[in-house]
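Q: One structure is given below, represented as structure tokens, and several questions about it will come after.
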Amino acid sequence: MKKELTFIGLGRMGAAMAANLVEQDYTVHGYDVDDKARSSADVDGVIVHKTLEEAVSTLQTPRTIWLMLPSKYVDATLKQLRPLLTSGDTIIDGGNSFFKDSIHRHNDLMAEPIHFLDCGTSGGVSGARNGASLMVGGPKEIVKQHEHIFTALAIKDGYGHVGGSGAGHFVKMVHNGIEYGMMGAIAEGINVLHHHKDGLDLNINETLKPYQHGSIIESNLMNWISDAYHLDGYLEKIAGEVPTGETEMEMEYLIDHEDVRVLDAAVLQRKLTRIEPSFIGTLISAMRNQFGGHKIVDKEPVDTE
């Protein structure tokens, strides 16, 4: 078992996963176009390189390259990588690529043959650092060769080889649809609590405690929204507008092709916050920021003069 690989993309998720593997005695090489990302990963023990070529050529063959990139950069990166790789090398895409794109990339690269695995990753930055949820798609024998990496990165029982090529990103897409619905429901419910806060003398922090512990709606999302409430002045700074996320286009695909009425409502709920900001938008933005570090829209400062 060769405990060596290169991470391309050392942003919040990629850097956290790379550091996780370093702590488990993996030799992790890394590359990112951003100087600050490279410097930060270097502190965590990742062997950083200034060029993509260096980050790949330093590995012994057969190589394993893990991509942790926004989906819009995957094809351009593969174009750069392809001349650097040789038969038997493996690329793992751990980002939020569209499942049909992953199937195409697998089929295209097999001509070399270079192996391509798609890995849906969930759990936010904390999960990436301490144990994530991983949904892997690809040929059984290739997945088996790399299973030690997936089990090292996953929380206990959090890794699954869910099917063939494209299946990992398909399962993650459906997961994201469920997540949209859950976040929307949590935000709506807490918004209702706020509407009755004065009349019932509700203490929202105390209300969230039983929601978090032992209730049917107990979840990481509930924990993250509770964390947001405990950060002094945090919610007050967030405008009630949910920015368009990387996965929203995939949600539109599910809405167009499947019976997903809750997801349809959840996507519409987000879009409406861009027209008419609301406290629901603030709460959804807070959850996204808490688990994934997603950008939030700050409230405009009030001119007091």
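Q: Which of the numbered conditions does residue 79 fail, given that it passes all the others? Conditions: (1) at pLDDT 95 or above; (2) closer than 26 Å to residue 161 by Cβ; (3) not acidic (Asp, Glu).
A: (2)
Q: A further question follows. Kindly indicate which of 184, 168, 158, 163 is small (Gly, Ala, Ser), buried (at least 22 other Cβ atoms within 10 Å of the Cβ) and within 23 Å of residue 119 (Cα to Cα).
A: Selected residue: 168, the only one of 184, 168, 158, 163 that is small (Gly, Ala, Ser), buried (at least 22 other Cβ atoms within 10 Å of the Cβ) and within 23 Å of residue 119 (Cα to Cα).
Let's see how each residue does on (1) touching a Leu at 6+ places or on another chain (Cβ under 9 Å); (2) farther than 27 Å from residue 251 by Cα; (3) modelled with pLDDT under 95; (4) not in a loop (DSSP other than H, G, I, E, B):
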site: 174; (1), (2), (3), (4): yes, no, no, yes
site: 182; (1), (2), (3), (4): yes, no, no, yes
site: 185; (1), (2), (3), (4): no, no, no, yes
site: 190; (1), (2), (3), (4): yes, no, no, yes
site: 199; (1), (2), (3), (4): no, yes, no, yes
site: 207; (1), (2), (3), (4): yes, yes, no, yes
site: 210; (1), (2), (3), (4): no, yes, no, yes
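Q: Among 80, 145, which is the only one that is within 19 Å of residue 28 (Cα to Cα) and open to solvent by 30 Å² or more (accessible area, probe 1.4 Å)?
A: 145
Q: When both residues are 6+ apart or on different chains and their Cβ atoms are under 8 Å apart, which pairs have a first residue that lies in the range 219-230 and is closer than 13 Å to residue 182 by Cβ, and a second that is part of a helix (DSSP H, G or I) and of a type in the set (Phe, Trp, Tyr)?
A: Partner pairs satisfying both residue conditions: 220/291; 221/291; 222/211; 224/291.
Q: Something else: List every residue pair whose Cβ atoms lie under 7 Å apart, where the two residues are 6 or more positions apart in sequence or sit on different chains, the first residue falls within the range 96-116 and is charged (D, E, K, R), and the second residue, located anywhere, is surrounded by fewer than 19 Cβ atoms within 10 Å (Cβ to Cβ) and in a loop (DSSP other than H, G, I, E, B).
A: Correct list of pairs: 112/87.
Q: With respect to residue 231, determine if the residue is assigned to a helix (DSSP H, G or I) and either within 24 Å of residue 171 (Cβ to Cβ) or of a type outside the set (Ser, Thr, Tyr) (or both).
A: no
Q: Any idea which of (1) touching a Phe, Trp or Tyr at 6+ places or on another chain (Cβ under 9 Å); (2) buried (at least 16 other Cβ atoms within 10 Å of the Cβ) is the one residue 205 doesn't satisfy?
A: (2)
Q: Under 7 Å between Cβ atoms, at least 6 apart or on separate chains: pull out the pairs that start in the range 245-263 with a residue that is closer than 22 Å to residue 95 by Cβ and end on any residue that is charged (D, E, K, R).
A: 255/264
Q: Follow-up question, since we're still on this one. Can you pull out every residue in the range 72-99 that is touching a His at 6+ places or on another chain (Cβ under 9 Å) and in a helix (DSSP H, G or I)?
A: 99
Q: Now for a different question. Any residue that is in a helix (DSSP H, G or I), closer than 30 Å to residue 290 by Cα and either in contact with a Leu (Cβ under 9 Å, 6 or more places away or on another chain) or open to solvent by less than 30 Å² (accessible area, probe 1.4 Å) (or both) - is there at least one of those in the range 40-54?
A: Yes - at least one qualifying residue is present in the range 40-54.
Q: Specify which of the listed residues (61, 121) is in contact (Cβ under 8 Å) with a residue 12 or more places away in the chain, open to solvent by 10 Å² or more (accessible area, probe 1.4 Å) and part of a loop (DSSP other than H, G, I, E, B).
A: The match here is 61.
Q: Is it the case that residue 101 is under 21 Å from residue 12 (Cα atoms), modelled with pLDDT of 95 or more and of a type outside the set (A, V, I, L, M)?
A: no
Q: Filtering the range 124-142 down to residues that are part of a helix (DSSP H, G or I) and not hydrophobic (A, V, I, L, M, F, W, C), which residue is surrounded by the most Cβ atoms within 10 Å (Cβ to Cβ)?
A: If we take residues in the range 124-142 being part of a helix (DSSP H, G or I) and not hydrophobic (A, V, I, L, M, F, W, C), then 127 is surrounded by the most Cβ atoms within 10 Å (Cβ to Cβ).
The values are calculated or read from the model by the stated rules, or taken from the named source; none is laboratory data. Predicted, not measured: the structure shown is a model, and the values here were computed from it. Don't worry about glycine lacking a Cβ; one is built from the backbone with ideal geometry, like all the others, and counts go over all protein chains shown. Just the protein is used for accessible areas: all its heavy atoms, side chains included, with ligands, DNA and RNA removed. Shrake-Rupley method; radii C 1.70, N 1.55, O 1.52, S 1.80 Å.
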